[in-house]
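Read-outs: derived from the displayed coordinates by stated rules, not from any lab. Source: prediction; values computed, not measured. Counting neighbours? That spans all protein chains shown, and the Cβs are built from the backbone with ideal geometry, glycine included.
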Amino acid sequence: MCYLFANGLLPLFFEGFMIETLGLIHGALQLPAFLPDGTQGVVRAIDAQDLLHCQVQAVQMNAYHLMQRPGSSTIQALGGLHQMSAWQRPIFTDSGGFQVYSLIRQNPKFGSISERGAIFQPSGSGRKYKLTPEKSVQLQMSYGSDVVICLDDCTHVDDAYEEQQVSVGRTVKWARRCKEEYLRQVEGRGLIVGQRPLLVAVVQGGNDPDLRRVCADELLGIGFDGYGYGGWPLDGQGNLLVDMLALTRELIPSRFTLHALGVGHPANVLACARMGYELFDSTMPTRDARNGRLYTFTQDPLQSRLNGENWFSFLYPSDNKHIKQAGPISTYCDCSVCRNYSLGYLHHLLKINDHLFPRLATIHNLRFMTQLMANLRRVG
Ligand SMILES: [Zn+2]
């Protein structure tokens, strides 16, 4: 089922397959799509050409990090996020609600959250920052974002019911203020249909089904272009919160995209995509690459329906067994690294700590993620 608006969901036939697409200012995304996180305006170690080569369709940046470095006035002086990073395809921007929450949870001295918004001073920073729902929308729209995400009040899944309840109430109030500010910005900037970014709200409620339901209902009542699953998607033991993720998908009508925010482990992406989630973003595949953990398919992703737990494996190029390995990282991968370099050479680059390693490793892991998305689009 698809909902068509000028920028929004549209079914398209592509190479004989019916593929759902999401129309945005800087182009259409085929769904499901994985967005690498370029939180500070860069997907670390690689550039826009590398991203295109990996068949990445969009990246996700972060208002919280960008407002600190390089700062909004610098981003505007450099022509906005697209021009600054030479990335001409869609950019999603996260509000920073999760980052503010994580910072203050780590140490309450770093800031505070109230009805008005958040005030924070990261460790080592001589400056205090204020983030309100209005400011978050203003920043994201001034950056030239394709998808603006509402500021939300995040919780940990283990937090008490009362805290989850406060979070839901605040998230809904902030989402309403975000929508009001968004409409002011659209009008003030004279954006016509097709020029405006999409506005996405985040469903909170921790692991409580009633709170998730209340949050989803309230947000649907205000009305947004799409929705996201907010809060930690994992329990204290690191297991995916399958029931809560599935419930939230049921609560949001299928004509709206649902973004599994922060979900990037391949097994969790697959599980969420099968529930009907269409958008994913995470630092995990790129961080793992830089740290020497590579992803490989154990079966041909062009042909097979990926099932069970063994359809992919982790590969550690630092292992001594790879020293003289003349073959590629993966025979199922068509990235430039697997076509041109041996696993033994990757081992060598890692051992001498050469800067080429993180770039090549990142290219490979991102191509793995885009191959996974292509598999889900074609095979399901
Ligand atoms: Zn590869």
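Below, the figures for the structure above:
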quantity	calculated
Rh (Kirkwood; distinct C-alpha pairs) - the stretch 245-326, Å	14.8
In Hz, Karplus ³J(HN,Hα) per residue of the stretch 21-27 (6.51, -1.76, 1.60; θ = phi - 60°; x = Gly, Pro)	10, 10, x, 9, 4, 9, x
Tally of Lys pairs whose C-alpha atoms are under 15 Å apart, taken over the chain, 8 or more apart or cross-chain	6
Gained length - Ala86 relative to Asp217, 0.36 nm times residue gap less alpha-carbon distance	43.3 nm
For the stretch 294-316 and the stretch 183-199, distance of Cα centres in Å	42
Label-point separation, Ala77 to Asn320 (7 Å along Cα→Cβ), nm	5.3
Fraction of the pair-distance distribution of the stretch 169-221 above 14 Å, Cα-Cα pairs, percent	57
Largest to smallest principal axis extent of the C-alpha atoms in the chain, angstrom	59, 50, 44
Label point distance in nm, Ser336-Glu187, each placed 7 Å from Cα along Cα→Cβ	4.8
Peptide ranges 193-200, 339-346 listed from the most packed, as the mean C-beta count within 10 angstrom indicates	193-200, 339-346
The stretch 180-328: C-alpha pair distances exceeding 24 Å, %	48
Estimated inter-spin distance, Glu162 and Asn239, nm [label 7 Å along Cα→Cβ]	2.9
Paramagnetic reach from Arg127 in the stretch 62-102 [backbone N under 14 Å; point 7 Å along Cα→Cβ]	64-77
